[in-house]
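Contents: one structure, followed by commentary.
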Amino acid sequence: WPTHVVLVHFNTPPELLEVIRKLDPRGIGLDPCSNPESFVMAKTEWSGPHYPSIDGLSQSWRGHGLVFMNPPHSMSPHNIEPWMEKAYNEFYEWTMMIRPPDKSTDQFVALVPAKTDTAWFHEFAIEFPMRCFLQGRPKFWLDGKPMSGPGKFASMLIYAGYQKKKFRDLFGSLGWIP
């Protein structure tokens, strides 16, 4: 087994971030699993336990407005499952409520693999009130430039928040929203 982990940051395409930012005129308030090459430009950027900064898994994500997450898609120990569990725990009330708590402006969007054959998908992703299965595969960015081809798997956006209609209006043309 290797004694170190080589991290590769597959960053969200800027054109997708442009649409995500339209959910909140204040922009993205938090990126809980950012990296030095990210284009998210959230007001607050944290990272995972494998980075030498604030561990986004151990902080509260509430109170930041629009939260956007493009979690690590790799296998253990830096995989997607702890990020999906954290997102589910932070935004669970919107999976069960039609209307969010009064005066709350928290929203959550994540770009995740559409891996319907995984436990994390059925435990967490399916519980979010809005899901958009993107048409085609996004072309992620690596080392400050777009990759030569699209990602290796289908992707989806998951959403929790008070603007379900706006989510549908913004993302309906990008994929299928059940």
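Summary table
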quantity: Sole residue being of a type in the set (Asp, Glu), at pLDDT below 90 and exposed (fewer than 15 other Cβ atoms within 10 Å of the Cβ), chosen from Glu45, Glu15, Glu37; calculated: Glu37
quantity: Meets criteria (among the small types (Gly, Ala, Ser) and at positive phi) for Gly161; calculated: yes
quantity: Residue list for region 54-75, filter: surrounded by fewer than 19 Cβ atoms within 10 Å (Cβ to Cβ), part of a loop (DSSP other than H, G, I, E, B) and either basic (Lys, Arg) or at pLDDT 85 or above (or both); calculated: Gln59, Ser60, Arg62, Gly63
quantity: Helices (runs of 4 or more DSSP H) enclosed by region 76-178 - at least 1 residues per element that are under 20 Å from Leu17 (Cβ atoms) and either open to solvent by 70 Å² or more (accessible area, probe 1.4 Å) or modelled with pLDDT of 90 or more (or both); calculated: 81-96, 164-171
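The values are calculated or read from the model by the stated rules, or taken from the named source; none is laboratory data. Only a predicted model underlies this, so the values are computations on that prediction, with no experimental measurement involved. For neighbour counting, all protein chains shown are included, and Cβ atoms are generated from backbone atoms with ideal geometry for every residue, glycine included. Note: areas computed on protein heavy atoms with side chains; ligands, DNA, RNA excluded. Shrake-Rupley method; radii C 1.70, N 1.55, O 1.52, S 1.80 Å.
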